[in-house]
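What follows draws every value from the coordinates through simple rules; no lab data is involved. Keep in mind the model is a prediction, meaning the values are calculated, not measured. In this analysis, Cβ positions are derived from the backbone assuming ideal geometry, glycine residues included, and neighbour counts consider all displayed protein chains.
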Amino acid sequence: SLDFWRLLYALLKQIHGGKWSESDAIDNQIRFVKSALWYHGYGRPELYRLPSDGSAGSRELLLAFSWLLHRLSLLEQLLARNRVKTGDETSVCTCEDDLPNSRKGTTEIAPECGLEDRVDVRYLQWLNGRLRFQWRSLHAQHQEQCKLLHKIHLFTSGSHMDQILGHFSVTETDLVRQPENYKQLLQLLESETMQLEAFLEWKQLEPVYWQWMETVLDNMAEEGSMCKSQDAQVEKSRLPKATSCCAWADSLTGQIDRLSRDLMTLRDQLHELVTQRKAAWCEKVKTRDEELQKEWFSATASKAQESVELKLLDLAYLCAPGKKKMHGSCRLVFRSKHPASKMGFGRSISKEPVSAVSAIEVIRELQMREASLEKELKQLQEECRQRLDEIAEGLDGVICISP
């Protein structure tokens with residue numbers, strides 16, 4: 001179990017881009033693994049009940065590991081993160097973010113490190129301000145990095161053997177300045193090649209692994225049903241064992257039988273009464289629904305129309321013909337007046353023409369997405385404002401002033 005906890009800790013730390021070491025305390029490792037699995041939407045409560053000392057739970061950890069392999073494509077993500085980058089790359093994403101849908105319904109199964117008490121609003125405001133400051137700092141650093149990359153691409157223009165690129169990357173420029181570093185780069189490339197070979201071997205044996213996992217799940221289901229049946233047998237056997245050794249067992253059994261019959265009769269009567277009441281309430285609710293439909297039809301229709309217009313705008317933007325949504329890492333290529341290097345972003349290095357997109361197109365699509373999100377944000381803010389006004393009306397002796 002301890003080895004499995006450490007394995008999941010090391011893998012998830014790499015996925016989340018954090019630093020890790022084997023000297024970290026085991027309880028901190030377990031707490032991080034539980035939090036990360038909860039964040040990604042793992043909903044099996046037995047895992048979160050495991051002890052924090054790592055003394056048990058190897059099979060639950062095996063299930064969690066298999067879930068990560070299937071749901072998050074864990075190995076593919078690790079290969080992508082540990083890939084040796086010889087070119088200047090950037091991440092481009094113009095597709096929808098489906099993270100909220102993947103985490104839907106996971107808030108009820110919070111790990112042990114969740115919030116227990118209420119949090120002060122001022123603390124949340126402080127966290128929000130700190131996050132905004134760090135975001136601006138990151139944006140400024142990214143702009144500075146782009147300026148430095150532009151200088152390198154501009155000064156090395158025409159030096160590369162590949163005429164489509166026409167310039168050196170940061171790694172290639174560093175190798176030109178310090179040729180002795182090629183040995184380290186060669187070792188990294190050899191290590192990546194070994195990882196890719198191991199991944200290909202895993203893909204060949206992967207069906208055997210999933211067949212084995214099916215047997216593990218079947219065994220767990222059988223054990224769960226056996227435990228339930230044993231508990232039921234224990235409950236049934238308690239009463240005869242307790243009454244067989246008493247002299248007044250016969251009279252007590254007769255009284256229990258009479259009470260059981262009375263309870264059955266009462267249950268039938270209650271069921272009939274509930275059926276009648278339910279039918280009456282259904283009639284009232286139907287009548288009230290018809291009244292509310294007449295009263296609030298116009299308001300509901302206007303809100304629905306606004307929501308539909310917003311969704312149709314997003315749908316038209318997302319499903320526009322001839323547009324392929326970009327996602328992933330792309331290589332930065334300097335765009336100059338030379339016709340051979342008139343490219344924006346390229347996904348490969350080849351002498352043949354490659355599919356590329358200019359930064360202007362990416363900026364335009366992101367601006368459209370930003371406008372759509374701002375419109376949706378204003379709509380949500382208006383709904384929250386109306387809800388706060390309704391709450392404020394029910395408070396006696398309180399004056400609420402809008403900011």
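Quick one: of Lys13/Lys34; Lys85/Lys183; Lys147/Lys183; Lys85/Lys203; Lys294/Lys378, which pairs are farther than 20 Å apart, Cα to Cα?
Flagged as over cut-off: Lys147/Lys183; Lys85/Lys203; Lys294/Lys378.
Can you tell me the length gained on complete extension of the stretch Trp210 to Glu390, counting 0.36 nm per residue apart and subtracting the Cα distance?
The Trp210-Glu390 span can extend by a further 59.4 nm.
Given +1 on the Cβ of Lys and Arg, -1 on the Cβ of Asp and Glu, and no further charges, what dipole in debye does region 169-221 carry about its Cα centre, rounded to the nearest 20?
Computed about the Cα centre, the dipole is about 160 debye.
Once the other residues with Cβ under 15 Å from the Cβ of Met264 are scored (Lys, Arg +1; Asp, Glu -1), what is the net sum?
Overall, the nearby charge balance is -1.
Mind listing the long-range amide H neighbours of Leu332? Cut-off is under 5 Å, sequence gap 5 or more, other chains count too, H placed in the peptide plane at 1.01 Å from N.
Amide H neighbours of Leu332: Asp88, Glu89, Thr90.
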